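What follows is a set of notes on a single structure, which appears directly below.
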Amino acid sequence: QVQLVESGGGLVQAGGSLRLSCAASGPTFSTYDMAWFRQAPGKERESVAVISWSGGRTTYADSVKGRFTISRDDAKNTVYLQMNSLKPEDTAIYYCAANRWKTFSVQSQSYPYWGQGTQVTVSS
């Protein structure tokens with residue numbers, strides 16, 4: 001069982017930056033694929049970025065490529081999402097998720113473990 005706690009959300013002006021963190025419990029963090037998803041009001045949850053258990057593979061939604069970077073620090077049991085050049089359309093609740101089957105999936109159904117979410121609001 002993995003427990004995930006996100007932090008780092010907040011209110012920022014368009015063009016600004018935020019770094020989200022997701023702290024995981026448990027000794028097997030380094031064996032999990034990790035992902036960030038987001039959900040805006042009235043919209044479905046969507047994948048933002050995924051990083052493989054080894055850290056060797058990453059993938060991003062087209063809407064955030066070149067602006068967001070996912071990374072992990074297995075010594076700290078933490079995954080990060082660095083968000084630069086933020087836009088109002090990035091406003092959403094951001095969720096961290098974990099998947100122990102090493103499928104490198106962008107589908108939310110593949111992730112059994114979720115954090116509680118952190119709100120990101122980008123003003124224009």
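Figures for the structure shown
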quantity	calculated
Rotationally averaged projected area of region 11-117 (alpha carbon convex hull; nm²)	6.5
Relative contact order %, the chain, counting alpha carbon pairs below 8 Å whose residues are six or more apart	37
Proximal charge balance of residue 46 [Cβ under 12 Å; K/R count +1, D/E count -1]	-1
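Read-outs throughout are calculated quantities, based only on the coordinates presented, and are distinct from any laboratory measurement. In this text, all values refer to a predicted model and were calculated from it rather than measured experimentally. So basically every Cβ, Gly included, is an ideal-geometry build from the backbone, and we count neighbours across all protein chains shown.
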